[in-house]
Amino acid sequence: PVQAPTPVQTPTPASSPTPDDSVVRVESDVTNVLLSATDRKRRFVTTLRPEDLRVLEDGVPQQISYFEREADAPLSLSLLVDTSASQEKVMDDERLAAEAFVRSVLRPDRDTASLVSFTGLARLDQPPTNDAAKLIRAIGALKVEYTEDSPVCTDDSVSEQVRLHCYTGIWDAIFVSIQKFLSGTPERTRRAIILLTDGDDTSSKLRLYQAAEFAVRNDTVVYSIGIRDKHFKTGEMRRDFLRQISE
């Protein structure tokens with residue numbers, strides 16, 4: 001559903017209007033609202049009509065000017081995988097989850113996906129492709145390179161740029177993934193990030209809400225999968241953050 005334009009009239013001048021001044025200037029916003037509908041048994045509902053929906057803004061009903069089911073539209077995906085130290089013992093779980101997603105969702109005739117791994121820095125492991133085999137090979141090569149005991153992470157003389165490998169920058173990675181690989185895809189494409197992480201951000205320059213706003217502006221949905229080594233000494237699984245970025 002798309003919110004109908006809402007006119008905002010500019011202030012009227014105090015002086016008497018001339019013919020040229022009689023033109024009313026307005027500003028309007030059209031907002032795309034992405035949604036999935038499920039019943040009480042969590043089965044997808046695919047028969048919705050515009051009259052079945054209500055869109056409220058600050059409690060005020062908004063007109064739905066355009067409505068479309070997008071299940072058949074092409075997908076542009078970015079698999080965003082946390083390879084920071086807290087994922088060392090659960091890396092196999094991350095790889096299995098990512099591979100299962102590619103095998104079950106990617107349709108080679110219309111969909112594309114990229115693979116981005118991140119610590120405090122994001123790295124492109126597989127550019128956008130419709131080749132599931134390429135993606136699975138890239139996923140299989142994922143590994144945690146910097147652990148708590150890595151010399152780089154314990155040496156205070158190392159530059160901050162190098163030490164970023166020892167941190168986790170989730171919100172920055174979301175921004176980079178959208179900016180570089182998703183925002184330029186065709187308008188009719190459904191854009192989504194599949195985020196595999198524990199949600200414990202330790203280095204991002206962006207805040208969670210800024211990453212969320214950037215995703216909204218670029219019509220990108222974020223699906224979060226929480227994975228973490230429960231025996232890792234520092235930090236925690238931030239289910240609240242993962243829920244917030246997806247909502």
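Annotations for the structure displayed:
- Solvent-accessible area of MET91, all protein chains in place: 10 Å² (probe radius 1.4 Å, heavy atoms, ligands and nucleic acids excluded).
- Reachable aspartates and glutamates, given that their alpha-carbon falls under 16 Å from the alpha-carbon of LYS205 and they are not under 8 places away in the same chain: GLU160, ASP172, GLU213
- Region 27-117: chymotrypsin sites (Phe, Trp or Tyr not before Pro) in DSSP coil with no more than 14 other Cβ atoms inside 10 Å: TYR66, PHE67
- D (Stokes-Einstein, µm²/s), Kirkwood Cα radius, the chain, 1.306 mPa s at 10 °C: 77
- Carbon plus sulfur fraction of accessible area for the chain, probe 1.4 Å, in percent: 49
- With contacts taken as Cα pairs under 8 Å and at least 6 residues apart, region 113-247 reaches a relative contact order of 22 percent.
- For LYS134, a cut-off of 18 angstrom between C-alpha atoms picks up these lysines, skipping any fewer than 8 places away in its own chain: LYS143.
- Using the 1.4 Å probe convention, the accessible area of region 17-167 works out to 65 Å² per residue with neighbouring protein chains retained.
- Within straight-line cross-link reach of LYS230, lysines at Cα separation under 16 Å, skipping those fewer than 8 residues along the same chain: LYS89
- Percent of beta bridges antiparallel (DSSP, region 40-142, rounded to nearest 5): 55
- Note on ILE245: accessible area approximately 10 square angstrom, rounded to 10, probe 1.4 Å, nucleic acids and ligands left out.
- For region 98-234, the normalised intensity computed at q = 0.11, 0.14, 0.20 Å⁻¹ comes to -0.44, -0.70, -1.31 (log10 of I(q)/I(0), Debye sum over alpha carbons, equal scatterers, no solvent).
- Qualifying trypsin sites (Lys or Arg not before Pro) for region 177-247 [loop in DSSP, other Cβ within 10 Å: at most 11]: ARG188, LYS205, ARG207, LYS230, LYS233
The values are calculated or read from the model by the stated rules, or taken from the named source; none is laboratory data. In this text, all values refer to a predicted model and were calculated from it rather than measured experimentally. FYI the Cβ positions are ideal-geometry reconstructions off the backbone, even for glycines, and counts take in every protein chain you see. SASA here: full protein model, heavy atoms, side chains in, ligands and nucleic acids out. Shrake-Rupley method; radii C 1.70, N 1.55, O 1.52, S 1.80 Å.
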